[in-house]
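A.B. asks: Quick one: the structure is below, and I'll ask about it shortly.
The values are calculated or read from the model by the stated rules, or taken from the named source; none is laboratory data. Worth saying up front: this structure is predicted, and the values here are computed from it rather than measured. Counting neighbours? That spans all protein chains shown, and the Cβs are built from the backbone with ideal geometry, glycine included.
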């Protein structure tokens, strides 16, 4: 095989010993996990706001963003559960392009996964330590989540991974909410099959071990829009789509029916300013229909310190996305306060 070994990576337990969570931070995360669980089981009516950059590309700017989120969170925590998006590994449609801090802790330099797994663990811990807000990440590589599984309070499985067996089985062994996105085709049955698999127990190989899982009753759906055979975007956040999903949930008899609406990607056609309008429509649909109020647990928003995006170069502006375009901070802060008023 044309494969060279660059590094033997440390086992997750070894990395956790080198960069540990303190007892205090474990306690903070445990309380957050308990509160988030109550939202997805219906015991709490708080509304989830998963918000942050498309890709967490720099520790200092991500932490500056998270600290701004904390100040807003202090004002709205009675109504909202804000979970910072700290996404450190990015799927690439063609395999080319920036794959996140896991691959490139410094985006303008060569990949270094050994440095990457250290960098992302340190960043997630720093966000938690500075803000008290436990984080969300995408489970792009199921076996890599072991480097972060003691830190994260939420994980998403992306549109290109949701049909993968290893993602589904790994999700069945998680004790935090895991959101299954609809695939890029928009096929809701694929997404619901993935939730079904994640909610069941399984027996499989994981990191070289023979493991058994008990199932994850907090596995749920994420609507992110799709594309048709001509590559045209087809949003699925409208009222009729939400009602359709509610009916499907009733037919599939899944535990803890829940959906998060991703207001960017194919729902916005990556027109990042549209996220503001889409959030408003989702909230209106919830308030119009009591069943949807119970089903729609939150929204996922892509935002950073500065709006838009930039290419990777030697003169990048800190806090501006290097992947998909994002809302800027001023719009984000205003939007979160509006969500708190209307949810």
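A.B. asks: Take the conditions over 22 Å from residue 261 (Cβ atoms) and without any contact (Cβ under 8 Å) to a residue 60 or more places away in the chain and apply them to residue 27. Does it pass? Steps first, answer last, please.
C.D. replies: Numbers: over 22 Å from residue 261 (Cβ atoms): yes; without any contact (Cβ under 8 Å) to a residue 60 or more places away in the chain: yes.
Answer is yes for this residue.
A.B. asks: Still on this structure: Can you find a residue in the range 84-100 that is in contact with a helix residue (DSSP H, G or I) (Cβ under 9 Å, 6 or more places away or on another chain), surrounded by 16 or more Cβ atoms within 10 Å (Cβ to Cβ) and closer than 30 Å to residue 341 by Cα? Before the answer, list the steps.
C.D. replies: Kept after step one, since they are in contact with a helix residue (DSSP H, G or I) (Cβ under 9 Å, 6 or more places away or on another chain), are these residues of the range 84-100: 84, 86, 88-89, 100.
Of the ones still in play, those that are also surrounded by 16 or more Cβ atoms within 10 Å (Cβ to Cβ) are 84, 86, 88-89, 100.
Applying the additional criterion that residues be closer than 30 Å to residue 341 by Cα yields 84, 86.
Yes, the range 84-100 has at least one match.
A.B. asks: Which numbered condition trips up residue 244, out of (1) at pLDDT 95 or above; (2) closer than 29 Å to residue 33 by Cα; (3) surrounded by fewer than 21 Cβ atoms within 10 Å (Cβ to Cβ)?
C.D. replies: (2)
A.B. asks: Let me ask another. Tell me which residues, restricted to the range 144-170, are buried (at least 18 other Cβ atoms within 10 Å of the Cβ) and under 17 Å from residue 83 (Cβ atoms).
C.D. replies: 145, 148, 151, 152, 153, 154, 155, 156, 157, 158
A.B. asks: Can you tell me which residue among 115, 171 is under 26 Å from residue 95 (Cβ atoms) and out of contact with any helix residue (DSSP H, G or I) (no Cβ under 9 Å at 6 or more places or on another chain)? Write out each step before concluding.
C.D. replies: Details: 171 fails: out of contact with any helix residue (DSSP H, G or I) (no Cβ under 9 Å at 6 or more places or on another chain).
The match here is 115.
A.B. asks: Given the options 109, 99, name the one that is without any contact (Cβ under 8 Å) to a residue 24 or more places away in the chain and under 16 Å from the mean Cα position of the chain (by Cα).
C.D. replies: Working: 109 fails: under 16 Å from the mean Cα position of the chain (by Cα).
Among 109, 99, only 99 is without any contact (Cβ under 8 Å) to a residue 24 or more places away in the chain and under 16 Å from the mean Cα position of the chain (by Cα).
A.B. asks: Also, quick follow-up: If you check residue 175 against the conditions, is it surrounded by fewer than 16 Cβ atoms within 10 Å (Cβ to Cβ), under 23 Å from residue 11 (Cα atoms), touching a residue at least 40 places away in the same chain (Cβ under 8 Å) and under 19 Å from the mean Cα position of the chain (by Cα)?
C.D. replies: On the way: surrounded by fewer than 16 Cβ atoms within 10 Å (Cβ to Cβ): yes; under 23 Å from residue 11 (Cα atoms): yes; touching a residue at least 40 places away in the same chain (Cβ under 8 Å): yes; under 19 Å from the mean Cα position of the chain (by Cα): yes.
When the stated conditions are applied, residue 175 passes them.
A.B. asks: Another question about this same structure. Of all residues in the range 30-44, which are over 19 Å from the mean Cα position of the chain (by Cα) and in contact (Cβ under 8 Å) with a residue 40 or more places away in the chain? Don't jump to the end; show me each part of the working.
C.D. replies: The initial filter retains those residues of the range 30-44 that are over 19 Å from the mean Cα position of the chain (by Cα), namely 31, 42-44.
Correct list: 42 only.
A.B. asks: Within the range 301-328, restricting attention to residues that are closer than 14 Å to residue 58 by Cβ and touching a helix residue (DSSP H, G or I) at 6+ places or on another chain (Cβ under 6 Å), which residue is modelled with the highest pLDDT?
C.D. replies: Here the answer is 305.
A.B. asks: Oh, and also: Taking helices (runs of 4 or more DSSP H) that fall entirely within the range 225-343, which contain at least 2 residues that are touching a residue at least 12 places away in the same chain (Cβ under 8 Å) and over 25 Å from residue 101 (Cβ atoms)? Before you say what the answer is, go through the steps one by one.
C.D. replies: Values: elements: 239-252, 265-268, 274-288, 290-295, 329-342.
Ranges flagged: 239-252, 274-288, 290-295, 329-342.
A.B. asks: Does the range 58-75 contain any residue that is under 20 Å from residue 176 (Cα atoms) and touching a strand residue (DSSP E or B) at 6+ places or on another chain (Cβ under 8 Å)? Quick ask: steps written out before the conclusion?
C.D. replies: Of the residues in the range 58-75, the ones under 20 Å from residue 176 (Cα atoms) are none.
Within the range 58-75, not a single residue is under 20 Å from residue 176 (Cα atoms) and touching a strand residue (DSSP E or B) at 6+ places or on another chain (Cβ under 8 Å).
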